[in-house]
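Supplied in structure tokens, the structure appears directly below.
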Amino acid sequence: MKVAPSLLAANFLHLEREIRAVEEAGADLLHLDIMDGHFVPNLTFGLPLIKTIKKISRIPVDVHFMVTNPEQYLLEMAEIGVDYVSIHQESVWHLQRQISVLKSAGVKAGVALNPATPVITLYPILPELDFVLLMSVNPGFGGQKFLPMVYPKLRELKEYAGRVNQGLEIEVDGGVNNLNAPQLIELGADILVAGTYIFSHSDYKQQILGLRT
């Protein structure tokens, strides 16, 4: 099971120090939430900062696009060297085409689902995906409360992936903490994204271990 600290909750005045701290604490990925103020009601960081983070990161970088036009940035993500990219099923008309672009460029390709979007919408494309990101909050802001409605979605996704794509990784993002992590792992989560839970405490290693154990 992998832990991916969400840098949205980090101290941006000392971003490189924060990245080094979570790397040393045992993080497996760095999760970047890219928001445009249209698909979700918030703005975060853009391409120059993604490029800078990738240059200094010693662990894989996981970019989650919460934007209305992710297709404009996919090839640039590959050029930057981003390792994982997820785009929202709700944000694109031609999902299979964009997944093909990512995979052809050597990037791990994923699809993110909002809490109210059913897993069945991914059935046709699931064999082609490297991972699926299940949102356990409505995207747009950090620090939100976990929505238990993700539990049956996770169970369904894990069962169906077992039939059509056994190598699929399942990522869960939103309100993840040491209380809900055990059930998420038991139901099949492979990557847990946590922002506030990790960065609001002084001991990042203890918080990451709390998710694993």
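Antiparallel as a % of all DSSP beta bridges within segment 2-212, to the nearest 5?
Expressed as a percentage, antiparallel bridges in segment 2-212 total about 5.
Now a separate question. Could you work out the relative contact order of segment 149-213, using alpha carbon pairs under 8 angstrom and six or more residues apart, expressed as a whole percent?
34 percent
Using a Gaussian network model on the chain with a 10 Å cutoff between Cα atoms, which of 61, 101, 137 fluctuates the most?
Of 61, 101, 137, the most mobile in the Gaussian network model is 101.
Which order do the peptides 145-153, 1-9, 24-32 take when ranked by the mean count of other beta-carbon atoms within 10 Å per residue, highest first?
Highest-to-lowest ranking by the protection proxy: 1-9, 24-32, 145-153.
Amide H of residue 136 versus every other amide H placed in the peptide plane: which residues, excluding those fewer than 5 positions away on the same chain, fall under 5 Å?
173, 174
Let me have the relative contact order for segment 54-213, percent, based on Cα pairs under 8 Å that are six or more residues apart.
About 16 percent, as a whole number.
Compute the distance in nm between two label points, each set 7 Å from the Cα along the Cα-to-Cβ direction, one at residue 200 and one at residue 17.
Here the modelled spin labels are 2.2 nm apart.
Take the alpha carbon atoms of segment 24-57, find their center, do the same for segment 159-178, and report the distance between the two centers in whole angstrom.
Their Cα centres are 21 Å away from one another.
For residue 36, which sequence-distant residues (separation of 5 or more, or a different chain) have an amide H within less than 5 Å of its own amide H, given hydrogens modelled in the peptide plane?
Long-range HN contacts for residue 36: 42.
When the helices in the chain are scored as -39500 (n - 2.57) per DSSP H run of 4 or longer and the sum is shared across all residues, what 222 nm value do you end up with, to the nearest 500 deg cm²/dmol? Before the final figure, lay out the partial values.
Values: 8 runs with 72 residues, N = 213.
Here the helix-only value at 222 nm equals -9500 deg cm²/dmol.
Can you run phi through the Karplus equation (6.51, -1.76, 1.60; θ = phi - 60°) for segment 79-88 and list ³J(HN,Hα) in whole Hz, with x for Gly and Pro?
5, 5, x, 4, 8, 10, 9, 10, 10, 7
Fewest to most neighbouring Cβ within 10 Å: what's the order for 123, 73?
On the way: 123 12, 73 20.
Ranked by crowding around the Cβ, least crowded first: 123, 73.
FYI, it's all coordinate maths here, none of it is from the lab. Given the structure is predicted, the values throughout are model-derived calculations rather than measurements. Positions of Cβ are backbone-derived with ideal geometry, glycine not excepted, and every protein chain shown enters the neighbour counts.
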